[in-house]
Amino acid sequence: LGQIIANSGKIGIYAGLVKNSGALRADGVVAGQNGEILLKATQNATLDAGGTLSASGARGGSVTIQAGDTTLLSGTVEAKGSQGQGGTVQVLGNQVGLLDNARIDASGQSGGGYVMVGGDFHGANPDVQNATATYVSPTATINADAIRAGDGGNVAVWSNDATRFYGAISARGGAQSGNGGFVETSGKAWLDFRGTVDTHAPFGNFGTLLLDPTSSTISNTVTSNGTCPP
């Protein structure tokens, strides 16, 4: 509920259940030293609304939230680069949810960072846990922008079964130079995509959005209960 501060250092919290409503900060204040935060639960991990995890600095650091069962994020996670590239954020578990007003920011002045929600690209990284189900709320945001120059970052939203993506992702190229980033929102078996993705670049090439379910239906209609038809 309080604060843990380890400037340019490492913060690790391990338990059966991890629930954070306070502020954990490992922001870099020493050049070349990037902070790291790891919350790891064998059962459930929760970052409540108002909770903050920050490993920002000249270059973004690393933040990982991982659970054996369910990981729920309602707060703010930052791994921003004030001079260089953004850092790395991983939100992992068997079931992963970015709930109302959850915010992840791995943007950097000279390039966007790397964000993984529910797994890595295509679920193909054996070192990154894949979720069975992943949910991103309509008011949740993920940013991996290049602010001044450089390419937009990489964002993966993945599950081995069902992914419901209703939020917003931004992986824009820099305002002065650079290309847009690469975004994947996929469910290996099933995907409901009703969110927004921005990979534009004012002075470069637009980035890429990959949607990769087993089969696809593109529709501008909804059923009576507010869901897209199968």
Mind listing whichever residues of segment 21-52 are open to solvent by 40 Å² or more (accessible area, probe 1.4 Å), closer than 18 Å to residue 82 by Cβ and in a loop (DSSP other than H, G, I, E, B)? 29, 30, 31, 32, 33, 34
Give the number of residues within segment 144-160 that are more than 16 Å from residue 92 (Cα to Cα) and open to solvent by less than 40 Å² (accessible area, probe 1.4 Å). 7
Subset of segment 77-109 (residues that are outside any loop (DSSP other than H, G, I, E, B) and open to solvent by 10 Å² or more (accessible area, probe 1.4 Å)): 78, 88, 90, 95, 103, 105
Considering only residues of segment 27-48 that are of a type in the set (Gly, Ala, Ser) and modelled with pLDDT under 95, which is nearest to residue 74 (Cα to Cα)? 35
What number of residues within segment 161-181 satisfy the criterion of being under 13 Å from the mean Cα position of the chain (by Cα), buried (at least 20 other Cβ atoms within 10 Å of the Cβ) and part of a strand (DSSP E or B)? 3
The condition of being under 19 Å from residue 212 (Cβ atoms) and modelled with pLDDT of 95 or more holds, among 77, 91, 115, only for 115
Can you pull out every residue in segment 146-160 that is within 16 Å of residue 132 (Cβ to Cβ) and either assigned to a loop (DSSP other than H, G, I, E, B) or of a type in the set (Asp, Glu) (or both)? 160
Restricting attention to segment 1-20, which residues are open to solvent by 100 Å² or more (accessible area, probe 1.4 Å) and in contact with a Ser or Thr (Cβ under 7 Å, 6 or more places away or on another chain)? 1, 19
Since residue 219 meets every condition but one in (1) modelled with pLDDT of 95 or more; (2) in a loop (DSSP other than H, G, I, E, B), which condition does it not meet? (1)
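The values are calculated or read from the model by the stated rules, or taken from the named source; none is laboratory data. This is a predicted model, so every value here is computed, not measured. Counting neighbours? That spans all protein chains shown, and the Cβs are built from the backbone with ideal geometry, glycine included. Note: accessible area is taken over every heavy atom of the protein model, side chains too, but ligands, DNA and RNA are not part of it. Shrake-Rupley method; radii C 1.70, N 1.55, O 1.52, S 1.80 Å.
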